[in-house]
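The values are calculated or read from the model by the stated rules, or taken from the named source; none is laboratory data. As the structure is a computational prediction, the values presented were derived from the model and not from experiment. FYI the Cβ positions are ideal-geometry reconstructions off the backbone, even for glycines, and counts take in every protein chain you see. Ligands, DNA and RNA are stripped out before the accessible areas are found, and what is left, the full protein with its side chains, is counted by its heavy atoms. Shrake-Rupley method; radii C 1.70, N 1.55, O 1.52, S 1.80 Å.
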Amino acid sequence: MFDLTDKVAIVTGGSRGIGRSVCVALAQAGAYVVVNFRSGEAAAEETLALMRAAGGDGEILGFDVSDPDASENAVKDVVARKGRLDILVNNAGVAIDQLLARVKPEDLAATWAINLNGTLFCSKAALRTMMRAKTGRIINLSSVVAESGNPGQAVYSASKAGIIGLTKTLAREYAKRNITVNAVSPGFIETDMTSSLPEAAREGILTQTPLGRIGRPEEVAAAVLFLASDEAAYITGQVLRVNGGMYV
């Protein structure tokens, strides 16, 4: 099951956290995985090493997903060299937490540019190739707060909610080309983004999580792997929630 042999995948923000785990899972299943990073080339190389240790292969590719030209050129480059693009995982994201009254315009712009515009730009570039092939998988990373809301995350939650709307629309637009578009919505996962939370905040989140524990990046990656596989061929426009019951 979940055999991705001969498939080519791009994972944005693949140098660490959930993105790294997704890269390893896809590579282990047989896909050739392109690990995108914006900064931190050394971390991306670590991801590549983990992929190869798991029996997979791939490469690293630095580009800024918020730059439409860079995103388009990166996809063209991969397709020119590998001959195809089967899977796009839009994982790159940023969270700048603050009450809305204190949000700086530049923080809002940065969040929107990476989380939502980046997903749009990379999807647009990938869809051109997938439409010609009449097949493809796009998996977008949203967040539990897109549906539940969370104080101090107005901008982040709005950007992640936009990803859900985009997912559902693209699923309808490209279903006739045999392209599926789905979202994975993680809850509280142990990553660099969540590790800096105060202990009181972590305990508060755990009390809202029926399973009573923090999720692992590998558990999110497993959901992405499923949606990227042939076994999920009849699933599109859906949000797969990996949140321990935090939002149901």
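One decimal place: the segment residue 57-residue 104 gains 12.8 nm when fully extended, by the rule 0.36 nm per residue minus the C-alpha distance.
If R0 is taken as 35 Å, the Cβ-Cβ distance between residue 135 and residue 67 corresponds to a FRET efficiency of 0.80. Within the same chain, lysines fewer than 8 places from residue 104 are excluded, and of the rest, those with a Cα less than 26 Å from its Cα are 160. Available extension along the chain between residue 197 and residue 176 is 3.2 nm, counting 0.36 nm per residue and deducting the alpha carbon span. Ordered from longest to shortest, the equivalent ellipsoid semi-axes for region 57-96 are 20, 13, 9 Å, each the square root of 5 times a Cα gyration tensor eigenvalue. Counting Lys and Arg as +1 and Asp and Glu as -1 over every other residue whose Cβ lies under 11 Å from the Cβ of residue 219, the net charge comes to 0. For region 113-169, what Kirkwood radius comes out of the mean inverse Cα-Cα distance, in Å? Averaging 1/r across every pair of different Cα atoms and inverting gives 12.2 Å. The listed peptides 117-129, 158-170, ordered by packing as a protection proxy, come out as 117-129, 158-170 (highest mean of other Cβ atoms within 10 Å first). Comparing the chain with the 2.2 N^0.38 Å rule of thumb, its C-alpha radius of gyration ratio is 0.95 (two decimals). Would you mind getting me the FRET efficiency between residue 230 and residue 208? Use the beta-carbon distance for r and R0 = 51 Å, nearest 0.05. Plugging the Cβ-Cβ distance into 1/(1 + (r/R0)^6) gives 0.90. Element breakdown for region 143-210 at a 1.4 angstrom probe: carbon and sulfur atoms account for 52% of the accessible area.
Relative to its Kirkwood radius, the Cα radius of gyration of region 1-90 gives an Rg/Rh of 0.94. For the pair region 55-106 and region 1-49, the centres of their Cα atoms are 12 angstrom apart. Across all directions, the average projected area of the convex hull around the alpha carbons of region 108-248 is 8.7 nm².
Charge tally around residue 189: other residues with Cβ under 14 Å, Lys/Arg +1 each, Asp/Glu -1 each, net +3. With contributions of -39500 (n - 2.57) from each DSSP H run of at least four residues, the per-residue ellipticity at 222 nm computed over the chain stands at -14000 deg cm²/dmol. Local charge sum around residue 110 (other residues, Cβ-Cβ under 14 Å, Lys/Arg +1, Asp/Glu -1)? Overall, the nearby charge balance is -3.
By a straight-distance test (C-alpha under 16 Å), which lysines pair with residue 134 as possible cross-link partners, with residues fewer than eight away in the same chain excluded? Candidates past the 8-residue exclusion: 7, 124, 176. Taking only the C-alpha atoms of region 33-151, the Rg (one decimal) and the largest Cα-Cα distance, Dmax (whole number), read 16.0, 49 Å.
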